[in-house]
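Only one structure is covered here, and it is reproduced in the block below.
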Amino acid sequence: MTPAPPASAGGSTRGALFALGAYLLWGVLPIYFLQLKPTGPFEVVAWRIILAFAFCLLLLTVLRVWRPFLAIVRQPRLMALTALAGVLIYVNWQTYLIGALTGHVIETSLGYFINPIVTVLLGVVVLRERLRVLPWVAIGIAVAAVVVIVVGYGAFPWIALTLAFSFGFYGLVKKQIGPAVDAVSGLTLESFWLLPVAVVQLIVVANVTGITLGNEGVLHTVLLLAAGAVTAVPLLLFASGARRVPLTVIGLLQFVAPVIQFVIGAWVLHEPMTPERWVGFALVWVALVLLSVDSLVASRRHRRGVDDVPEPV
């Protein structure tokens, strides 16, 4: 039995570039969504769901992957998991849009800074994984950061925590789905399950404030219609990158998006950063450094362990 050949350096480089592209796009999303005003967060999410579904149907046709998609549809377990994933990503999208369009971009960045720590915590609580000392220290520091923000700033960071936990649970569900559902099929089904929610939201918006699509000029209409592609493209780039590079690379690159969001919120949009907020963010960053160091050390130990094992003949 011959071991599988390692990924080529070129493939790893392309994978890292794909993943980096995804995180860069996610990082600048606040700027894009702010251009959609006066469209509110509930209308934006509704169109995002509908247009992402349409965009994915187009991709299924262009890529000629309807057969594997229909094979997924015939499996009740996978359909149930994609429905659950759809609910979780809806909570994430809606919370993110509320934050981005109401002057809380910095808090959205905090959510994605905290997300890796929440993911580790969920691994312990839900998957019964065992942690080394450094991850536990990182979790403790992150909890202290939230306490500092709540007590010092006087406001509970519900946007940040909702983003962190919804995306954390979304990752758990996607882990259960595994490679059985590709990125395009997964987003297609997740959007499909959310279509009734999108329709209801559009009906409510139409009766409360009125639909803005087509009523705010040509540029606004084009930008709003692009929401489907804006949703799908980073996810597809991320899926392509994640298959080509080690998990540790993805773990380090995932901080690109919240860093960009933080910079946009603090220095472009001039959202307030009180001393209490700085202390809270600093504690989170210390926790992330510890988590990253632990991940790199564990990865090196794992590679050494693998290298020490004789190759099968």
query = For the peptides 130-138, 66-74, what is the packing order when you average, over each peptide's residues, the other Cβ atoms within 10 Å and list the highest mean first?
reply = 130-138, 66-74
key: Sorted largest first, extent of the chain alpha carbons per principal axis (Å)   = 67, 55, 35
message = Given segment 78-188, report the % of alpha carbon pairs whose separation exceeds 18 Å.
response = 55
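Based on DSSP H assignment, which helices of the chain show an axial Cα extent of at least 20 Å together with a mean Kyte-Doolittle hydropathy greater than or equal to 0.0? Before the final figure, lay out the partial values.
Numbers: long enough: 9-34 (39 Å, 1.20); 41-62 (31 Å, 2.08); 76-101 (37 Å, 1.17); 105-125 (29 Å, 1.70); 133-148 (23 Å, 2.64); 158-177 (28 Å, 1.04); 183-208 (35 Å, 1.75); 227-242 (23 Å, 1.73); 275-308 (50 Å, 0.30).
The answer, listed by residue number, is 9-34, 41-62, 76-101, 105-125, 133-148, 158-177, 183-208, 227-242, 275-308.
In cubic angstrom, how much convex hull volume per residue do the alpha carbon atoms of segment 130-278 span?
Working: hull volume 27.7 nm³, N = 149.
Taking only Cα atoms, segment 130-278 has a hull volume of 186 Å³ per residue.
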ask   = For segment 218-309, which trypsin sites (Lys or Arg not before Pro) are both in a DSSP coil and crowded by at most 15 other Cβ atoms within 10 Å?
value = ARG243
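Counting residues in segment 195-268 as N, plug N into 2.2 N^0.38 Å and put the Cα Rg over that result.
Details: Rg = 17.7 Å, N = 74, 2.2 N^0.38 = 11.3 Å.
After normalising by residue count via 2.2 N^0.38 Å, the value is 1.57.
Computed from the coordinates by the stated procedures, all read-outs in this text should not be read as laboratory data. Being a predicted model, the structure only gives us computed values, none of them experimental. As a convention, Cβ positions derive from the backbone with ideal geometry for all residues, glycine included, and neighbour counts pool all protein chains shown.
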